[in-house]
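Worksheet: one structure, shown below.
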Amino acid sequence: MKVVLFCGGQGLRLRDYSESVPKPMVPIGYRPILWHLMKYYAHYGHTDFILCLGHRADAVKSYFRNYDETVTNDFTMTGGREIKLANSDIHSWNITFVDTGFGSNIGQRLLRVKEHLNGEKEFLANYSDNLTDLPLPMFLDNFHRQNKVASFMTVQPPQSFHVIQTDAGGCVRAITAATESDLWINGGFFAFKQEIFDYIEEGEELVIEPFGRLIAKEQLTAYKYSGFWACMDTFKEKQRLDDLYVQNLAPWQVWNGCKK
């Protein structure tokens with residue numbers, strides 16, 4: 001199953017990084033968050049990637065064209081020059097790089113890679129700025145059982161968020177931690193049938209008009225997941241991911257047996 005990754009965002013709330021690289025290339029440890037996400041999908045056997053490029057597309061292309069396997073793999077060096085890898089990260093990956101426009105929204109980016117999905121009955125997609133330990137086969141099994149055009153993972157907002165209840169006059173009646181409420185948000189992990197393209201018009205944002213049409217036709221399902229999920233919209237969120245990585249407590253690294 002092919003995986004469409006939306007890699008063209010500017011990441012304005014990560015300005016220290018995003019002025020020089022696109023948000024998906026902001027590093028966690030030795031590798032960009034995009035690599036961590038691709039490793040996640042590859043762990044479950046999905047190694048055919050389509051990268052929807054935009055802001056600093058050249059940085060993404062250069063990174064993979066000059067990819068250094070020795071950074072994250074054991075190796076033996078002989079004669080001071082010859083390298084023999086003990087294992088490899090990306091030798092089995094197939095990566096298609098597509099320039100989908102600097103200012104394009106997600107819906108437009110998806111439309112612009114449609115030709116690369118011809119013949120695919122279904123495919124996966126992701127915002128490329130979030131990580132999870134979601135058991136992907138369970139998500140896909142649910143997608144197939146529901147037999148709808150689209151499905152996406154929903155998660156509860158981070159614990160630092162609070163839900164406020166007020167009366168008609170604005171008087172606060174209750175403040176509840178988001179994790180204790182029934183509030184769920186889009187987690188950015190999608191599964192689509194090819195028919196998704198019948199619901200998207202040129203210029204539309206994916207989760208607005210197209211998802212509205214899917215809802216009207218009862219063709220959109222949500223998969224609630226209460227395990228680990230984190231996005232990287234702000235520097236504080238990046239620091240949290242860095243801390244988990246440094247402490248070897250990175251639940252998204254399912255390929256290392258780090259599943260909780």
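Over 24 Å between Cα atoms: which of Lys114/Lys238; Lys2/Lys238; Lys193/Lys224; Lys2/Lys236 fall into that group?
With Cα atoms farther than 24 Å apart: Lys114/Lys238; Lys2/Lys238; Lys2/Lys236.
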Just how much of Trp252 is accessible, in Å², when a 1.4 Å probe is used and the result is rounded to the nearest 10?
-> 0 Å²
If you stretched the chain out fully between Val71 and Lys121, how much longer would it get, using 0.36 nm times the residue separation minus the C-alpha to C-alpha distance?
-> 14.4 nm
Using the Cα centre as the reference, give the magnitude of the dipole from point charges on the C-beta atoms of the chain (Lys, Arg: +1; Asp, Glu: -1; all else neutral), rounded to the nearest 20 debye.
-> 320 debye
Pick from Thr176, Thr166, Thr47: which is most flexible by mean-square fluctuation in a GNM of the chain where alpha carbon atoms under 10 Å apart are linked?
-> Thr166
In the chain, what % of DSSP beta bridges are antiparallel (nearest 5)?
-> 55 percent
Peptides 51-63, 67-79: what's the order by average Cβ count within 10 Å, highest mean first?
-> 51-63, 67-79
Residue-span extension gain [Trp255 to Thr234] - 0.36 nm each, minus C-alpha spacing = 5.0 nm
Answer in debye to the nearest 20: the dipole magnitude of segment 1-131 about its Cα centre, from +1 Lys/Arg and -1 Asp/Glu charges placed on Cβ, is 240 debye
Enter the accessible area per residue of the chain (Å², integer; probe 1.4 Å; all protein chains in place).
-> 51 Å²
Projected-area average for segment 185-247 over all orientations - Cα convex hull basis, square nanometres | 6.1 nm²
Taking segment 2-143, the equivalent ellipsoid from its C-alpha gyration tensor has semi-axes in Å, biggest first, of 26, 20, 15
Summarise the accessible area of the chain (1.4 Å probe, protein heavy atoms) by the percent that is carbon and sulfur.
-> 48 percent
Semi-axes (Å, rounded, descending) of the ellipsoid equivalent to the chain per its C-alpha gyration tensor are 31, 24, 19
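The values are calculated or read from the model by the stated rules, or taken from the named source; none is laboratory data. These figures come from a predicted structure and were not determined experimentally. So basically every Cβ, Gly included, is an ideal-geometry build from the backbone, and we count neighbours across all protein chains shown. The accessibility values were calculated without ligands, DNA or RNA, using every heavy atom of the protein model including side chains. Shrake-Rupley method; radii C 1.70, N 1.55, O 1.52, S 1.80 Å.
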